[in-house]
Amino acid sequence: HLQSTKRLANDVEMPLFGLGVYKMTDRDETIAAITKALQIGYRAVDTAALYYNEAEVGEAIRHSGVPREEIFVTTKVWNSDQGYDNTLRAFETSLKKLNMDYIDLYLTHWPVVEKFVDTYRAIERLYNEKLIRVPGVSNHHQHHLEQLLAKANIAPIVNQIEVHPYLSQQDLRAFCAQQDIAVTAWSPLGRGGVLVDETIQSIAAAHGKSPAQIVLRWHLQNDIIVIPKSVTPHRIEENAQIFDFELAEQDMHKLDALNQNKRFGQDPDNFKFDF
Ligand code: NAD
């Protein structure tokens, strides 16, 4: 069900499903969306320093009536704050804005060349100090992970990457599985861009489900954690109704076959700062 979890490499239980809050900039709209999500049973929120809404995330959680420890909060250190000391400082700022005393999952947002290893070392320290429950990274290709694994004392436990049926990331997901690194999909709906796909629409019609529900279910059955974003109440509900049906192997194969290595976001090897 909605509060199903995945047991991570360090035995922390991470919700398989949560709310992404990128581009939620309007204060009231952000608080309303998170409040709605928590009311209907969401137990994870994915934010970042870059999203400029950590204060709203903290406020919505505090006022929700759901105990803090029942909600899995993810935030990320932004690129301009990377390096060892800067990351420790950025973490303090995030913690203050969220107004929390720990964060569940803290991620390097993108692997900034010549900095991401030191950034991750600071995240390891925060983990040792029990200020975060899970150390992780985002947008790391296999070569970034290999570089980290060679230097890290504690392997990253989560890698949050762009995944959807048009960018299935088979090889990177296989590498992560082999290293016991859990994969979270960002833009799990391809920012809405995969929902017009004819194959997805026909599978949706056959199941009496929406295209978004089919895509999110495909992720879950591939052992991928999802954090779809919506501010629209009926979509916040719709996206959560993916635990009451199953896709047959044949449908999974059809969806797997849609891969075209198409990114809606940036390639980590070619990241442009000013986007
Ligand atoms: P998404 O794939 O979740 O798509 C969101 C968009 O799809 C919405 O704005 C809406 O237009 C549409 N949508 C949502 N539900 C729908 C429904 N049921 N029916 C029809 N359309 C629907 O894209 P996203 O916001 O880019 O990604 C989700 C989250 O991932 C973000 O909010 C953020 O938390 C995270 N993220 C992380 C990174 C990173 O670098 N780590 C990058 C991008 C996003």
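Whole-percent P(r), segment 153-246, all Cα pairs, 5 Å bins from 0: 2, 14, 24, 23, 17, 10, 6, 2, 1, 0.
Spin-label model, GLN260 to GLN179: label points 7 Å out along the Cα-to-beta-carbon direction sit 3.0 nm apart.
Just to confirm the filter: which GluC sites (Glu not before Pro) across segment 221-275 are DSSP coil and have at most 10 other Cβ within 10 angstrom of their Cβ? Can you show the working numbers first?
Details: sites: GLU237, GLU238, GLU246, GLU249; in loops: GLU246.
When the GluC sites (Glu not before Pro) of segment 221-275 are filtered for loop state and at most 10 Cβ neighbours within 10 Å, nothing remains.
Could you tell me the relative contact order of segment 1-76? Use alpha-carbon pairs under 8 Å, at least six residues apart, and round to a whole percent.
Details: 112 pairs, mean separation 23.2, N = 76.
Relative contact order here is 31 percent.
Please identify which residues in segment 148-169 have an amide N closer than 17 Å to a label point set 7 Å out from the Cα of ARG121, following the Cα→Cβ vector. Backbone N within reach: 148-156. Summarising the label geometry, the points placed 7 Å from Cα in the beta-carbon direction at LYS151 and ARG7 lie 3.3 nm from one another. Note that segment 160-177 has calculated 3J(HN,Hα) couplings of 9, 9, 5, 9, 6, x, 8, 9, 7, 6, 3, 5, 5, 5, 5, 4, 4, 4 Hz, one per residue in order, obtained from phi through the Karplus relation 6.51 cos²θ - 1.76 cosθ + 1.60 (θ = phi - 60°); glycine and proline are x. Taking Lys and Arg as +1 and Asp and Glu as -1, the other residues whose beta-carbon sits under 10 Å from that of THR5 total +2.
Using per-residue counts of other Cβ atoms within 10 Å, averaged over each peptide, order 165-172, 5-12 from highest down.
Details: 165-172: 18.2, 5-12: 14.0.
Output ranking for 165-172, 5-12: 165-172, 5-12.
Specify whether the C-alpha gyration tensor of the chain places it in the rounded, prolate or oblate class, a ≥ b ≥ c being the square roots of the eigenvalues: rounded for a/c under 1.5, otherwise prolate if a/b is larger than b/c and oblate if not.
On the way: a/c = 1.70, a/b = 1.24, b/c = 1.37.
Oblate.
Taking Rh as the Kirkwood radius computed over C-alpha pairs, what is the Stokes-Einstein D of segment 64-161 at 10 °C in a medium of viscosity 1.306 mPa s, expressed in µm² per second? Mind showing how you got there, number by number?
Values: Rh = 13.4 Å.
Answer, rounded: 119 µm²/s.
Site pair GLN39 and GLU92 shows an inter-label distance of 3.8 nm when each label is modelled 7 Å from Cα along Cα→Cβ. On a per residue basis, the convex hull of the C-alpha atoms belonging to segment 111-215 measures out at 120 Å³.
Working out 0.36 nm times the residue gap between VAL113 and HIS234, then minus their Cα-Cα distance, what length gain in nm do you get to one decimal? Display every interim value, and only then the final one.
Values: separation 121, 0.36 × 121 = 43.56 nm, distance 4.08 nm.
Gain on extension, VAL113 to HIS234, equals 39.5 nm.
Here THR199 and ASP269 are evaluated by their C-beta separation; at R0 = 22 Å the FRET efficiency comes out at 0.15.
What do you get for GluC sites (Glu not before Pro) in segment 59-129 restricted to DSSP loop and a cutoff of at most 14 other Cβ within 10 Å of the site's Cβ? Write down the numbers at each step before the final one.
Details: sites: GLU59, GLU69, GLU70, GLU92, GLU114, GLU124, GLU129; in loops: GLU114, GLU129.
Passing both the DSSP loop test and the Cβ count: GLU114, GLU129.
When the C-alpha to C-alpha distance is required to be over 26 Å, the pairs from LYS36/LYS130; LYS229/LYS272; LYS96/LYS229 that qualify are LYS36/LYS130.
Report, to one decimal in Å, the Kirkwood hydrodynamic radius for segment 193-262 based on all distinct Cα pairs. Its Kirkwood hydrodynamic radius stands at 12.5 Å.
Only the coordinates and a few stated rules stand behind these numbers; no lab work does. All values reported here derive from a predicted model rather than from experimental measurement. Glycine gets a Cβ as well: all are built from the backbone with ideal geometry, and neighbour counts include every protein chain shown.
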